Protein chains: 2
Amino acid sequence: MNENRKATIADVAREAGVSTATAGRVLGGYGYSSGEKRDLVLKAAEMLGYQPNQLARSLITGQTRTIGFVAGDIQSPFFAKILRGVSDVLDTQGFGLLITNSDEAVDGEVHSIRLLMEKQIDGLIISPCDTEGAKHLKKLAQTTPMVLIDRQVAGLDVDSVGVDNAGAAELCVRNLIDTGHERIGMVAELHSGPWKDVGSFVHMVRARGGEAGPMYPSWQRFMGYIRAHDAAGLPLDLSLIARVNSYSIEDTKIAAKQLLRQPNGPTVLFTTDGLMTEGTMAAIFETGLQMPEDISLIAFDDLDWMSFVRPGIDSIAQPRRKMGETAARMLIERIAGNDGPPRREMLPVRHNERGSVRDIRNARR
Amino acid sequence: MNENRKATIADVAREAGVSTATAGRVLGGYGYSSGEKRDLVLKAAEMLGYQPNQLARSLITGQTRTIGFVAGDIQSPFFAKILRGVSDVLDTQGFGLLITNSDEAVDGEVHSIRLLMEKQIDGLIISPCDTEGAKHLKKLAQTTPMVLIDRQVAGLDVDSVGVDNAGAAELCVRNLIDTGHERIGMVAELHSGPWKDVGSFVHMVRARGGEAGPMYPSWQRFMGYIRAHDAAGLPLDLSLIARVNSYSIEDTKIAAKQLLRQPNGPTVLFTTDGLMTEGTMAAIFETGLQMPEDISLIAFDDLDWMSFVRPGIDSIAQPRRKMGETAARMLIERIAGNDGPPRREMLPVRHNERGSVRDIRNARR
DNA sequence: TTTTGCTGTGAGAACGTTACCACACTTTGT
DNA sequence: ACAAAGTGTGGTAACGTTCTCACAGCAAAA
């Protein structure tokens, strides 16, 4: 046998003096085999340093024991933490994990998915970048198990994992109102959706009584903001909404600065995700305002540093790792054959109070 | 043809009225084919929604166009950023990316590698958790292209990407000395290596004139610390070295607190990586010390928040994304057949001054 | 005794591609 | 005009597994 070539089942079989079928059964752990032959085969395999070739196995079984993950951007802590959860669960089940990023663009998403499908993944975890059309996802869902994470897609009935964005935001804003805040600013990347502008979105939400179909998390968080205002009878002032056009720190900083400088500005800022928070932090820093004396801040999504800066930053923490774990588990169940109705897992968030929100009930500034 | 089964080359060939060989040549883009037949095949493929099966292709070509990445922990910003760089380069070349984490343990590393090898990856990018033995890596390197990232392994001559840790740390500490600091604390997870204790490491470094073989980055950074002291004629005080036993924020915080509270403590802290920095930040925060009045801080590894906290944190920034990109490019070249001598890429770091280091030349506190 | 069922084994097909070869037809070079 | 080289095509053997059979032995059940 050629020394520098990898040993195959046939090599092992020859060495052990059995048929390839028998060697295959022993090595692959299926079918029957006697203790005697088993020892023979195992010894031969050991001697030749046999390592199974998953490729060949997959080709015939139709299962690769590999799943794909399409993230917006894996370097963001949000996706990185989710990824870790996914990876942990997959690891215990002997699954591999192929990752790609869509960069939140449909093109990238389509490209990623094709690459993954060519590699014959058994299932897909994806954070879709479009909550409306996503024709490619609907088609794919018919043949491949799929779990959505963070976001849902209208008309795509598959498993999904996320949090109650609107509810969490509503509670958060209600708390702000309860502590005396009446001018609550929001910094959000409200990705252009089916709504022309922020105003028409408000209109839509009110028309539907605060409930609406799938939409981006940031829109859902905005919806919570609206509901809290309406419930408290506090009028909405859309000039307090800083809508960031591109998903970048720099643009966020600019938008937040503008918001902070405007006359009769907000007493508190609510940021809708980690990147918005970082941009806003930079804006506050550069504007020279003191937290929480001059401006309060509360952030959706918890980040490492929020607990050890001064003041600590109040936040709504999503269980990111658990989201990943849950998604992975759901997907594996689907791959194993579970064909029950789609489930929408809503994991609870945690509200962290750390001192960046000032109680201004007795202190008009 | 069965509708719900994926179309194969044979299906396309039948539909187009050509042989599977011809269809294969057109679809696979190899060998000769006439314009006429090509159109026929392409049309049939389009109609049947043909998607190639990489598995079958790989089985015969022996190339999967997939590479593996073994990180310490993908959720850490360090690895996440590197991963992004790797992913970007791979994407442009049509390569897939399988990830696993070793959790910095040899067991995990071995397990990860076996999983990856069974999936027949074409190459491996790894941040090895052992800089000494790593027998499994040496064996693997004979058959599989491999690039080391962040760390090197003694006796493993393969491509690697990293920064000049000792040099960067030395420059950093020299700057601290130049600004008047004489009691420079260090917070580091000095993973147990071939040295019994910190003292014998110092001895070894001096014996070798400040040069030594492969070791963990944190040890290299410590080496820079030693070299800067020796060059300036400043005596080393090992009581200023907080050696963290486990790689955890909590333990780091405890160790740093202890260092801060000891009599005749440091005027500045040098932290050797992101996690050390976070733990140290927490310690400073909880101790109630003011930065930079009471204590200065400079960190190895730059993190997002360092620019927008008060004061900004001075740091040594590694080009993490570029490290990933470089590693990926080197690996792809190896896979393509480059068998030149191993290269050790040393990328330049950036020193960020942001205000967390106080100049105490004229101000004894 | 005959049946039934379980255990164990090997030969060979199958998975979906590319590699290799044989062959035919064209073009080029002398 | 003839060889040599370049095109285009189809048949079929790989790649390394698992799957499907057929068949044999042996025990327990009828």
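The values are calculated or read from the model by the stated rules, or taken from the named source; none is laboratory data. It should be emphasised that the depicted structure is a prediction, and the values quoted were computed from it without experimental measurement. We place every Cβ from the backbone using ideal geometry, glycine too, and count neighbours over all the protein chains shown. Just so you know, the surface numbers come from the protein's heavy atoms only, side chains and all, with ligands and any DNA or RNA stripped out. Shrake-Rupley method; radii C 1.70, N 1.55, O 1.52, S 1.80 Å.
Within 10 Å of each candidate Cβ there may be at most 15 other Cβ atoms; applying that plus a DSSP loop requirement, which trypsin sites (Lys or Arg not before Pro) in region A:112-194 survive?
Within region A:112-194, the qualifying trypsin sites (Lys or Arg not before Pro) (loop, at most 15 other Cβ atoms within 10 Å) are A:Arg183.
Mind listing the phi-derived Karplus ³J(HN,Hα) values for region A:302-316, rounded to whole Hz, using 6.51, -1.76 and 1.60 with θ = phi - 60°, and x for any glycine or proline?
Along region A:302-316, the couplings run 8, 10, 3, 6, 5, 8, 10, 9, 10, x, x, 9, 5, 8, 10 Hz.
Could you please state how large a percent of the accessible area of region A:9-52 is carbon and sulfur, counting protein chains only and using a 1.4 Å probe?
The computed percentage sits at 51.
Measuring label to label, 7 Å along Cα→Cβ, what does B:Gly193 give against each other copy in nm, shortest first?
So the distances to the same position in the other copies read 5.2 nm.
Would you work out which of A:Gly17, A:Gly29, A:Leu40 lies farthest towards the positive end of the dipole of region A:9-52, given +1 charges on the beta-carbon of Lys and Arg and -1 on that of Asp and Glu, about the Cα centre?
Positive-end residue among those listed: A:Gly29.
Cβ under 11 Å from B:Ser58's Cβ, B:Ser58 left aside: what net charge do those residues give with Lys, Arg +1 and Asp, Glu -1?
Here the count lands on +2.
Below 8 Å between Cα atoms, with a sequence gap of 6+, how large is the relative contact order for chain B in percent?
18 percent
Need one number: buried accessible surface between chains B and A, 1.4 Å probe, both sides summed, DNA, RNA and ligands left out, in Å² to 100.
Separately minus together, B and A give about 4900 Å² buried.
How high is the relative contact order of region B:9-52? Use alpha-carbon pairs under 8 Å, at least six apart in sequence, and give a whole percent.
42 percent
Taking B:Leu238 in one copy and the same position in all the others, each labelled 7 Å out along Cα→Cβ, what are the pairwise distances from the first, in nm, shortest first?
Taking the point 7 Å beyond Cα along Cα→Cβ, the inter-copy spacings are 6.9 nm.
Leaving out ligands, DNA and RNA, what percent of the accessible area of region B:213-347 is carbon and sulfur, probe 1.4 Å?
51 percent
Please list, or write none, the aspartates and glutamates whose alpha carbon is within less than 13 Å of the alpha carbon of B:Lys322, excluding same-chain residues fewer than 8 places away.
The qualifying aspartates and glutamates are B:Asp88, B:Asp150, B:Glu345.
If you count only protein heavy atoms and use a 1.4 Å probe, how large is the accessible surface of A:His111, to the nearest 10 Å²?
Taking all protein chains as shown, A:His111 has close to 70 Å².
Could you work out how far apart the two model spin labels at B:Lys135 and A:Asn338 are, taking each label as a point 7 Å from the Cα in the direction of the beta carbon, and quote it in nm?
That separation, rounded to one decimal, is 4.2 nm.
Where does the longest stretch of chain A lie that holds no chymotrypsin sites (Phe, Trp or Tyr not before Pro) found in a DSSP loop with 11 or fewer other Cβ atoms within 10 Å?
The reported range is A:33-365.
Could you provide, to the nearest whole Å², the per residue accessible area of chain B with probe 1.4 Å?
With the other protein chains kept in place, chain B gives 43 Å² per residue.
Got a sec to turn the phi values of region B:19-27 into Karplus ³J(HN,Hα) couplings, 6.51 cos²θ - 1.76 cosθ + 1.60 with θ = phi - 60°, whole Hz, x for Gly and Pro?
7, 4, 4, 5, 4, x, 5, 5, 5
When all alpha-carbon pairs of region A:243-365 are counted, what percent fall beyond 24 Å?
41 percent
In debye, nearest 20, what is the charge dipole magnitude of region A:60-160 about its Cα centre with +1 on Lys and Arg Cβ and -1 on Asp and Glu Cβ, if you could check?
Dipole about the Cα centre, nearest 20: 260 debye.
Roughly how far apart, in whole Å, are the Cα centres of region B:224-268 and region B:271-293?
12 Å
Please list, in order along region A:106-117, the HN-Hα scalar couplings obtained from phi with the Karplus expression 6.51 cos²θ - 1.76 cosθ + 1.60 (θ = phi - 60°), rounded to whole Hz, x for Gly and Pro.
These are the phi-based 3J(HN,Hα) values: 4, 3, x, 5, 4, 4, 4, 5, 5, 4, 5, 5 Hz.
Collect residues whose amide H, placed 1.01 Å from N in the peptide plane, falls under 5 Å from the amide H of A:Phe300; neighbours closer than 5 in sequence don't count.
When sequence neighbours closer than 5 places are left aside, the close amide H contacts are A:Thr271, A:Thr272, A:Asp273, A:Ile316.
How far is it, in nm, from the label point at B:Glu211 to the one at A:Thr92 when both lie 7 Å from their Cα along the line to the Cβ?
5.0 nm
Considering all alpha-carbon pairs of region B:165-320, what whole percent are spaced by more than 19 angstrom?
49 percent
With bins 10 Å wide starting at 0, give me the P(r) of chain A over every alpha carbon pair, in whole percents.
5, 21, 26, 19, 12, 7, 6, 3, 0
If the convex hull of the alpha-carbon atoms of region A:9-52 is projected onto planes in all directions, what is the mean projected area in square nanometres?
Over all viewing directions, region A:9-52 projects a mean Cα-hull area of 2.5 nm².
Could you tell me what percent of the accessible area of region B:70-136 is made up of carbon and sulfur, with a 1.4 Å probe and every protein chain present?
The C+S portion of the solvent-accessible surface of region B:70-136 is 51 percent.
Just to confirm a number: summing +1 for Lys and Arg and -1 for Asp and Glu over residues other than B:Arg321 whose beta-carbon lies under 12 angstrom from that of B:Arg321, what do you get?
So the surrounding residues net to 0.
In nm to one decimal, list the spacings between the A:His111 label point and its equivalents in the other copies, with label points set 7 Å along Cα to Cβ, shortest first.
Its label point is 3.5 nm from the equivalent points in the other copies.
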